[in-house]
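Written below as structure tokens is the structure these notes are about.
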Protein chains: 2
Amino acid sequence: MRASRFLFATLRENPSDAEIISHQLMLRAGMIRKLASGLYTWLPLGKRVLNKVETIIKEEMDRSGALEVFMPVAQPASLWQESGRFVQYGPELLRFKDRHQNDFVLGPTHEEVITDFVRNELKSYKQLPINMYQVQTKFRDEIRPRFGVMRSREFIMKDAYSFHINQASLQETYQVMYDTYSRIFTRLGLDFRAVQADTGSIGGSGSHEFHVLASSGEDAVVFSSESDYAANVEKAEALLVGERAEPTQDLKHVETPTQDTIAKVSEFLDCSADQSVKALLVQGIAQEDGNTPVVALFVRGDHELNTIKAENHPLVAAPLTFATEAQLKQYDLPAGFIGPQGLVEKGITVIVDRSASILSDFVAGANKTDQHAVGVNWERDAKISEVYDLRNVIEGDLSPDGKGTLHIKRGIEVGHIFQLGNKYSEALKCTVLGEEGRPVTLEMGCYGIGVTRVVAAAIEQNFDDKGIIWPTALAPFEVAIVPMNAHKSPRTVEAAEALYLELQALGYDVLLDDRNERPGVKFSDLELVGIPHRIVIGEKGLDAGTFEYKQRTDHESRNLSKDELLTVLQK
Amino acid sequence: MRASRFLFATLRENPSDAEIISHQLMLRAGMIRKLASGLYTWLPLGKRVLNKVETIIKEEMDRSGALEVFMPVAQPASLWQESGRFVQYGPELLRFKDRHQNDFVLGPTHEEVITDFVRNELKSYKQLPINMYQVQTKFRDEIRPRFGVMRSREFIMKDAYSFHINQASLQETYQVMYDTYSRIFTRLGLDFRAVQADTGSIGGSGSHEFHVLASSGEDAVVFSSESDYAANVEKAEALLVGERAEPTQDLKHVETPTQDTIAKVSEFLDCSADQSVKALLVQGIAQEDGNTPVVALFVRGDHELNTIKAENHPLVAAPLTFATEAQLKQYDLPAGFIGPQGLVEKGITVIVDRSASILSDFVAGANKTDQHAVGVNWERDAKISEVYDLRNVIEGDLSPDGKGTLHIKRGIEVGHIFQLGNKYSEALKCTVLGEEGRPVTLEMGCYGIGVTRVVAAAIEQNFDDKGIIWPTALAPFEVAIVPMNAHKSPRTVEAAEALYLELQALGYDVLLDDRNERPGVKFSDLELVGIPHRIVIGEKGLDAGTFEYKQRTDHESRNLSKDELLTVLQK
């Protein structure tokens, strides 16, 4: 590509409305422009990167044996009513009526459509397993779209859906997808981790997220120092380590006015936060009589409640909802000063995190306004209904597989593979005739990659103060050639043209920067948009038979002979 | 691809709801399935064809220097209000509100979005010309979607938009696009014609449609027998040939009760239809005083009014609308028996088609119920306000360039290139600084190809009673290999596998039909889905060192040596 015929739309200033680095750099490099909240146009530079991501994904999906299909963006609401998600999905599901007043949705995902297709089309177990994928525009009406294409309303996704006669077949394809995703992200040149993820209310036996590691990542992912164990923080189990000591103190109430945080209480009482418990009173599952009981959750003062784990407890309502003031009043419990003492006696289920359950002589609320209790001991002072894994793991925790300790990194979720089981096939009655001639409800898997998000995540992982540093596989151009003093030196123009054609013929994606701009402008543009290799052609070099070469991350350029140059590019 | 791992979804029966051959064959071959009215899922077989179309289009667009972008499907309504099309476009424009009650449309086209982008992004004439394209899902809420993907609501389009500092630059890019489209349809292997098209209310100086010729085509396209002249029937000019003879008859009124068609009147009066005129009374342009005058259009009895030509007349309202009964009553004109006599005197503008204007002694309505006039002569009996080209050309008319006569064929419009001029750039105030430092409103061109429609059109042009006959460039697979008696003959399986790998290595898109089906089922499937080359491998051939080869359109197969086979495939 000749730069003079390309659309360079670089910006010198940081756009004021871009909060994260990838959003800033995508705007500054001229990859995207905002059309409306959460809607972005991809400019030629951005589209080149997007195409490279898409091509790698498609090649690997094809290689895995998945078959490419293409489903409509507009979907009849009736299918979503059938699956129950028309209501469940909430306002992120964009609904509309067509000119005949029929209800439709703009697809945020395609489980319903593909399940409907399979139930109509496939008749026999002999046609299974099948795995179908598409690369397609999705729409999710985010309440507050932000971070550019990282959390936009319209985005491109590769979604795949597999159908199986039994769980063993699903497992097999799931493993193939796991390997395929690993190959995809490896080919994309990204530092990523596959981590175990929670399967939530759908159940199913497995789910992995693929995270691009980046300090700005929204998610915490957890690794063992000595094994392959990796999970997202929602999923990672916190083991019970140690035993509870015998009580040594008596329970005493202490006045703690204005001490309304764990930190303040700890300081005030001169004890460390890990010697206290904090209470979270939440809604339980509604009973048949219409009453909703309150459930009390306790974790150590220095630990964080893991919402997903709490929601997975059979007595706790999902989504997790705090008890109302009226409910607290009913039990005569003062918010901010609640301890476990006497709760079971009041008919409240007390679920205690494993780590909190082995404390002794600890601090807790006194169930009286402006008072805490010290020297509290389980069983003696406070009954436990159940010990349960309720907290987020922290750095240094024992790995759940018993091998090594846990480390935590930040990640950006770019892929997710999921054993759906029969959630959708059951709701939509998707069956085929099994080997014994009877209808069998199919097992399903689904496998997603956020194609547009991958581009942003790659930038979050690879940038410096000059701009983007693309992995070569994603770079909009692999090599840039800059002729110096083009207006005065026909020799450099000629040499640049010749090298341009030669490298193109060798299969490189080359940009010839023939723009009528100062070298400084060109150099900073090329660094901003992140082209991996830069070759400057000047009179001196021509005399010496060398090219001035600089890799994107090099501090200095160096003079290379043609052979050396070709060797460097080949790496 | 191994057929056993592919999704064959062929149907033996013709689907009852498919009216045209491409729709029937796409369903029967298992290329598409209907999700809802006008919404289709592309199955693996169909998606392969779609991908081939898309690849050729993209390659040629890139080669032309156009830059690929990607714009959102959801577009803010405000831009459509700015261009005036939010109202104009009518109910085919699907409107919806997002969760914040903001108005959006599902894009049927992207003139507004790209013009908004250019006005924000480009500053100087130095950045021009620029031509940007995308391949993308569009939505048009057709009142009665039909013919499968030929007229669906959701479809894929390649749309391109070019911006220019002046008309000369637009002309240049327009010519590049004309050549690019010609190359695209040539590479797709289709018999197509580029024809002049009407530019309608937008004006602008040029527009061409690209039609795939097929007897089932919805459109009529017109060619000269002796020159390059080609146009769609809306655009093709009907020349004035001959002169009006002097009157020889007196005007007489004849009772013609129940003679309510031209054919009946002609038969009843024993004159040929080309010796009569028919009247069409339509709405004129509304006046400043709020009144809408009636305009009378006359064409020869055997000719058809050309709606577009009529609408292009400055006194006629668009869209063309018949006069109401009340209006006719006001002028005392009986529907079905209207002639030109005395109309001008009543204040009605009388526009007469060229061919009708040279009649003498002709038949017309008598302006009295159940009566016609014979021996009518222009000027003597009926004043003419204006002679105008109002009719569709017919087979045998003189070519407008004066060279040869016109022939008419049926075509399916698959592409359209259009000089938009400044319709959108003016409405959206899209300017850049010109060479003289002053803002210049840009000239625009737009260039569309119906990607999904191309697939259907290719089938309408290429099929027989056995199924689809793909041009090789579009075929889902180029070559099919069928091992005979696979379950009994390991030799044939082995030979088939070897040939499969060999042809794949040579770059062919090969299907190895390893399904557990009878040869008859395989052969008819392969013919139905239209694979160009079929190679059958059997024991006898292996003994003789030959392959049983049949091209899709051959009646018989023939035995070829390996060398002969490779030569045949290479063609």
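The values are calculated or read from the model by the stated rules, or taken from the named source; none is laboratory data. Predicted model only: the values in this text are computed from it and were never measured. Positions of Cβ are generated from backbone atoms using ideal geometry, with glycine treated the same way; all protein chains shown enter the neighbour counts. Side chains included, ligands, DNA and RNA excluded: accessible areas come from the protein's heavy atoms. Shrake-Rupley method; radii C 1.70, N 1.55, O 1.52, S 1.80 Å.
Annotations for the structure displayed:
- Pairs meeting the criteria (first residue in the range A:311-328 and without any contact (Cβ under 8 Å) to a residue 40 or more places away in the chain, second residue of a type in the set (Asp, Glu) and open to solvent by less than 70 Å² (accessible area, probe 1.4 Å), beta carbons under 7 Å, at least 6 apart or on different chains) are A:Pro319/A:Glu311; A:Leu320/A:Glu311.
- As a summary of the residue check, A:Asp62 satisfies the conditions (1) within 25 Å of the chain's Cα centre (by Cα); (2) surrounded by 23 or more Cβ atoms within 10 Å (Cβ to Cβ); (3) at the interface with chain B (Cβ under 10 Å from one of its Cβ atoms) except for the one numbered (2).
- Identification of helices (runs of 4 or more DSSP H) wholly contained in the range B:1-86 with 3 or more residues that are in contact with a helix residue (DSSP H, G or I) (Cβ under 8 Å, 6 or more places away or on another chain) and farther than 26 Å from B:Asp513 by Cβ yields B:44-63, B:77-83.
- Number of positions in the range B:14-33 that are more than 9 Å from every other protein chain (Cβ to nearest Cβ) and in contact (Cβ under 8 Å) with a residue 60 or more places away in the chain: 13
- Residue, least open to solvent (accessible area, probe 1.4 Å), within the range A:489-520, restricted to residues that are part of a loop (DSSP other than H, G, I, E, B) and under 19 Å from A:Gly30 (Cβ atoms): A:Asp513
- Hey, B:Asp191 closer than 30 Å to B:Pro476 by Cα, out of contact with any helix residue (DSSP H, G or I) (no Cβ under 9 Å at 6 or more places or on another chain), of a type outside the set (Gly, Ala, Ser) and surrounded by fewer than 17 Cβ atoms within 10 Å (Cβ to Cβ) or not: no
- A:Gly530 touching a residue at least 12 places away in the same chain (Cβ under 8 Å), on the phi > 0 side of the Ramachandran plot and not basic (Lys, Arg): yes
- The range B:340-368, residues that are part of a strand (DSSP E or B) and hydroxyl-bearing (Ser, Thr, Tyr): B:Thr349
- Residues of the range B:150-177 classified as touching a residue at least 60 places away in the same chain (Cβ under 8 Å), more than 30 Å from B:Ala18 (Cβ to Cβ) and not aromatic (Phe, Trp, Tyr), total: 12
- One residue stands out in the range B:39-58 among those that are surrounded by 22 or more Cβ atoms within 10 Å (Cβ to Cβ) and among the β-branched types (Val, Ile, Thr): the one that is nearest to the other protein chains (Cβ to nearest Cβ), namely B:Thr41.
- Filtering A:Arg515, A:Arg491 for residues that are among the basic types (Lys, Arg) and over 23 Å from A:Glu13 (Cβ atoms) leaves a single hit, A:Arg491.
- Residues (closer than 30 Å to B:Ala168 by Cβ and open to solvent by 30 Å² or more (accessible area, probe 1.4 Å)) located in the range B:89-120: B:Arg119, B:Asn120
- Enumeration of residues in the range B:378-411 that are of a type in the set (Phe, Trp, Tyr) and open to solvent by less than 30 Å² (accessible area, probe 1.4 Å): B:Trp378
- Scanning the range B:504-527 for residues that are closer than 20 Å to B:Pro490 by Cα and touching a residue at least 24 places away in the same chain (Cβ under 8 Å) returns B:Leu511, B:Leu512, B:Asp513, B:Asp514, B:Arg515, B:Asn516, B:Pro519, B:Lys522.
- Among residues that are in contact with an Asp or Glu (Cβ under 6 Å, 6 or more places away or on another chain) and at pLDDT 95 or above, B:Pro72 is included.
- In the range B:257-275, the qualifying residues are those that are touching a Ser or Thr at 6+ places or on another chain (Cβ under 7 Å) and polar (S, T, N, Q), and the one that is nearest to B:Ala373 (Cα to Cα) is B:Ser266.
- Residue within the range B:304-321 that is more than 29 Å from the chain's Cα centre (by Cα), over 29 Å from B:His253 (Cα atoms) and surrounded by fewer than 21 Cβ atoms within 10 Å (Cβ to Cβ) present: no
- Residue, modelled with the lowest pLDDT, within the range A:406-457, restricted to residues that are of a type in the set (Phe, Trp, Tyr) and assigned to a strand (DSSP E or B): A:Phe418
- Taken over the range B:521-552, the residue count meeting the criterion of being part of a helix (DSSP H, G or I) and over 20 Å from B:Phe8 (Cα atoms) is 6.
- Just so you know, in the range B:125-179 the residues that are assigned to a loop (DSSP other than H, G, I, E, B) and touching a Pro at 6+ places or on another chain (Cβ under 8 Å) include one that is most open to solvent (accessible area, probe 1.4 Å), and it is B:Ile143.
- Residue within the range A:116-134 that is among the acidic types (Asp, Glu) and more than 10 Å from chain B (Cβ to nearest Cβ) present: no
- Residues satisfying the stated conditions in the range B:87-104, i.e. more than 7 Å from every other protein chain (Cβ to nearest Cβ) and assigned to a loop (DSSP other than H, G, I, E, B): B:Tyr89, B:Leu93, B:His100, B:Gln101, B:Asn102
- Residue within the range A:72-79 that is on the phi > 0 side of the Ramachandran plot and more than 8 Å from chain B (Cβ to nearest Cβ) present: no
- Some residue of the range B:60-78 being free of Cβ contacts under 8 Å to residues at least 40 places away in the same chain and among the aromatic types (Phe, Trp, Tyr): no
- Only one of the numbered conditions (1) open to solvent by less than 20 Å² (accessible area, probe 1.4 Å); (2) outside any strand (DSSP E or B); (3) not assigned by the TED database to the domain that holds B:Arg48 is not met by B:Ala486, and that is (1).
- Positions within the range B:105-115 being out of contact with any Asp or Glu (no Cβ under 8 Å at 6 or more places or on another chain), among the β-branched types (Val, Ile, Thr) and more than 9 Å from chain A (Cβ to nearest Cβ), in sequence order: B:Val105, B:Thr115
- Residue in the range A:458-466 that is of a type outside the set (Gly, Ala, Ser), in contact (Cβ under 8 Å) with a residue 12 or more places away in the chain, surrounded by 15 or more Cβ atoms within 10 Å (Cβ to Cβ) and within 19 Å of A:Arg5 (Cβ to Cβ) present: no
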